[in-house]
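The values are calculated or read from the model by the stated rules, or taken from the named source; none is laboratory data. Only a predicted model underlies this, so the values are computations on that prediction, with no experimental measurement involved. All Cβ positions, even for glycine, are placed from backbone atoms using ideal geometry, and neighbour counts span all protein chains on display.
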Amino acid sequence: MPRPDLAALAQDLLRFGMAPRRVRRTVDELDAHFDDLVADAIATGLDRDSAERQALGQLGAMQDIAMAARARPELRDWAHRFPHLALVVYPLGCAAVLPAAPVIAHAGDLARWAACILFGGFVTAAILLFLQLTISPF
């Protein structure tokens, strides 16, 4: 039961700098196209193995598809199209996110502290309201 090696194709496309969302879409479309070719071949009377071999031949070599995608620079992600800009943007982005790292790492602790402070504020407000109502002459 031969099937195209789409995982290797995806790795090749990622290595060439193709955007990950485009790689997923390309692999999904090739997989669906392969299944359509197999279904068409089975409809003409071939058995499953022969239909898959024929569909694999019609689809072509995965290396040819990878080289055709590599030849199209508009399919590459922005960091591979503009490497000098990426050398500036990535470090600045990391430096901007770095102060938020402790907050993200301890989000559960911070949420628990915030809930305790909020609950303590409500209890204090309730006590002060009770004292105000008992002191004031109505």
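Just a few scattered comments:
- Index of the failed condition, residue 136 passing every other in (1) polar (S, T, N, Q); (2) at pLDDT below 90; (3) touching a Leu at 6+ places or on another chain (Cβ under 8 Å): (3)
- Check on residue 125, over 35 Å from the mean Cα position of the chain (by Cα) and among the small types (Gly, Ala, Ser): yes
- Residue 43 vs. criteria aliphatic (A, V, I, L, M) and either more than 30 Å from residue 93 (Cα to Cα) or at pLDDT 90 or above (or both): yes
- Subset of the stretch 7-26 (residues that are among the aliphatic types (A, V, I, L, M) and surrounded by 17 or more Cβ atoms within 10 Å (Cβ to Cβ)): 9, 10, 13, 18, 19, 23
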